[in-house]
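Reading through the structure tokens given below for one structure.
The values are calculated or read from the model by the stated rules, or taken from the named source; none is laboratory data. Predicted, not measured: the structure shown is a model, and the values here were computed from it. Note: ideal-geometry Cβ built from the backbone for every residue, glycine included; neighbour counts use all protein chains shown. To get the accessible areas, we keep the full protein, side chains included, count just its heavy atoms, and leave off ligands, DNA and RNA. Shrake-Rupley method; radii C 1.70, N 1.55, O 1.52, S 1.80 Å.
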Amino acid sequence: MTKLAIAVNVGRCVGCHTCSISCKMSNNVPDGMLWNRVLTENSEVIDGAVGVYPALSRDYLPLACQHCENPACQKVCPTGATYKDGKGRVEIDYDKCIGCRMCMAACPYNARVFNWTEPVRSAGSNYGEADVPVRPKGVMEKCTLCSERTDRGDAPMCVTCCPARARVYGDLDDPDSEISKIAREKNVRILLEEMGTSPQVFYFE
């Protein structure tokens with residue numbers, strides 16, 4: 001079996017948003033949407049700070065689909081559009097998506113975005129990987145773990161482009177992979193672990 005996953009070293013993340021932009025460009029994500037966001041922890045604004053000057057701190061939390069082993073989004077999808085694929089990724093069959101947004105409400109990570117209107121791209125045309133499907137109005141979108149790239153054996157674009165090398169991608173079912181060693185040996189953080197979704201994205205320092 002294969003269980004593709006991403007580990008994020010938050011100690012290395014510099015909040016540059018390169019992961020967000022490279023994901024958007026590679027996956028033809030429309031204007032006004034991001035599949036991959038960089039949040040500033042304990043702050044409601046980007047690049048906010050915690051504390052009182054001069055004792056300020058700032059921590060970044062890159063956030064996208066957690067590719068849960070037990071995905072809440074899949075359980076509520078009435079058409080089977082959301083599914084776990086053979087590589088452990090949570091994917092969307094856009095042809096089956098009816099736009100009910102049940103998955104959007106169920107996802108505890110707020111990782112899904114919806115095409116409320118006809119998608120607009122400021123470039124005036126589609127861009128990114130040629131084999132990434134173009135999503136129409138009325139369907140959900142989210143991180144696919146760059147399924148087209150990872151099917152070819154490449155790393156997701158957010159991993160490839162991260163200038164701080166904060167992201168590690170690999171197969172959790174391979175005990176010799178770097179990501180498996182991180183999962184075993186580091187004190188990893190799993191978001192909303194109490195929800196029982198068992199994310200395949202985790203964080204460490």
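If you look for lysine pairs in the range 4-204 that are eight or more places apart or on different chains, how many of them have Cα atoms under 28 Å apart?
25
Among 39, 145, 192, determine the one that fluctuates most according to a GNM of the chain built with springs between C-alpha atoms less than 10 Å apart.
192
Which far-off residues, 5 or more places away or on another chain, put their amide H under 5 Å from the one on residue 39, with H placed in the peptide plane?
61, 63
If I take every Cα pair under 8 Å that is 6 or more residues apart in the chain, average their sequence separation and divide by the length, what percent do I get for the relative contact order?
It rounds to 32 percent for the chain.
Please turn the phi angles of the range 28-36 into ³J(HN,Hα) values with the Karplus equation 6.51 cos²θ - 1.76 cosθ + 1.60 (θ = phi - 60°), one per residue in order, whole Hz, x for glycine and proline.
These are the phi-based 3J(HN,Hα) values: 6, 6, x, 4, x, 10, 9, 8, 9 Hz.
With springs only between Cα atoms under 10 Å, which of 177, 57, 147 fluctuates most in a Gaussian network model of the chain?
57
Sort 104, 195, 140, 1 from largest to smallest accessible area, using a 1.4 Å probe on the heavy atoms of the protein chains.
Order by accessible area, largest first: 1, 195, 104, 140.
Could you go through the range 61-67 in sequence order and give the Karplus-derived ³J(HN,Hα) for each residue, using 6.51 cos²θ - 1.76 cosθ + 1.60 with θ = phi - 60°, rounded to whole Hz, and x for Gly and Pro?
9, x, 9, 8, 3, 8, 6
Quick one: Cα centre-to-centre distance for the range 92-142 and the range 25-70, in angstrom?
Their Cα centres are 20 Å away from one another.
With θ taken as phi - 60° and the coefficients 6.51, -1.76 and 1.60, list the Karplus ³J(HN,Hα) couplings across the range 83-90 in order, rounded to whole Hz; mark glycine and proline as x.
8, 8, 8, x, 10, x, 8, 8
Probe radius 1.4 Å, ligands and nucleic acids ignored: give me the carbon and sulfur share of the accessible area of the range 58-175 as a rounded percent.
Solvent-exposed carbon and sulfur of the range 58-175 make up 51 percent of the total.
How big is the charge dipole of the range 4-204 about its Cα centre, in debye rounded to the nearest 20, if each Lys and Arg gets +1 on its Cβ and each Asp and Glu gets -1 on its Cβ?
In debye, rounded to 20, the range 4-204 gives about 280.
Starting from the amide H of residue 186, placed 1.01 Å from N in the peptide plane, find each other amide H under 5 Å away whose residue is 5 or more places distant or on another chain.
Amide H neighbours of residue 186, under 5 Å, 5+ apart: none.
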